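Remarks on the structure that follows.
Any read-out appearing in this document is the output of simple, stated calculations on the displayed coordinates, not a laboratory observation. Note that the structure is predicted; figures quoted are calculated from it, not measured. Quick reminder, even Gly has a Cβ in these numbers, built from the backbone with ideal geometry, and neighbours come from all protein chains shown.
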Amino acid sequence: MTEIPKVLTVDSNSHDGSISRPAAVVAADAKAMLEERKQRLDLKKASENWWNTIKRNPSLLNEWLIDQYRGEKGAYDRMTEILNSDIPMTPKQKTVLGIISQEELLHSQWIQELLQSRMSSEESVKLSAVPVEERYWSQTLPTFIDKTIEQLFAIGAHAEEMRLHRIRAIVNDSSDIHPDIKQVFERILTDELFHAKAFKGMTTEKDYQEAIDKHVEGLNALNPIPYGGGIHVT
Ligand SMILES: [Fe+2]
Ligand SMILES: [Fe+2]
C-alpha cells in the first residue's frame, strides 16, 4: 500500500476533498526549483564561456582533450574494478554497469583518435603529464571497498552529470569551428545522458544527496574558484 507522505494534508477548504499541500511547503518547493534552475543556467553560461575561451586556444583545448581521454579511460578502469570486486549487486545492476563501462572504453578510443589526428605524439606525451582528473576522484572516491553499490552509483551519477554542461556547450556551438571535436562529443553526449540517468535510477535519493558534499569538494579540487560561485570546471 502506498503511504501518503507527511507533507500532504487534506485541505479542509477544498470542496471536492482533494489533497493539497501546505502553502509553506509549496513555497519552499518553488524556491528550491527556482534556485536549481538558476544554478543550471549559471552552469550553462559558465560552460559556454569556458568553451568560447578554449576553442580558440589550441594549448588549452589540447590539454582538455587529453584530460577527457584520461577521464574516459579512468572511468572504464574504475568500473571494471568494481565489476570484478566482491561488492554485492543484482544481475541487472551488473549488466547496466558492464554496458556503461564498455561505452566509456569506446569514448576513450574515439577521443584517442581525435588526439592522434590533432597533435604529434611528443606533444601528447607532454600534455599527458598534467594530472587533473585524479584530483576530483581522490576527493569523491578515495576507495570503493567501503561503499555499497548504491553509494557508488550515486557518486557515478554526480560525475556523469557534471560533464553534461560542457559537452552540451560544444555540441550546441552553432559556429563551424572544430567539427571533428563536435562530431565525437555529439556521440558521447547521447551515451553520457544515458549513464547519468541509469546511475541515478540505480541509486537511492538518500545516497544521491549524501554524495553531494564530496562531489562539491571534488569540484573545488579541480577549480581554484569554489563551486557555488557560478564557475564549474570539469
Ligand atoms: Fe564517457
Ligand atoms: Fe559516462
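Data for the structure
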read-out: Cross-link table 31/92; 45/197; 55/197; 31/73, entries beyond 32 Å C-alpha to C-alpha; value: 31/92; 31/73
read-out: Cα coordinate range in segment 58-222, projected on the principal axes (Å, largest first); value: 43, 30, 28
read-out: Estimated inter-spin distance, residue 212 and residue 32, nm [label 7 Å along Cα→Cβ]; value: 0.8
read-out: Charge dipole of segment 31-114 about the Cα centre (unit charges at C-beta), most positive-ward option of 89, 69, 47; value: 47
read-out: Residue 52-residue 183 pseudo-label distance in nm [points 7 Å out on the Cα-to-Cβ vector]; value: 2.7
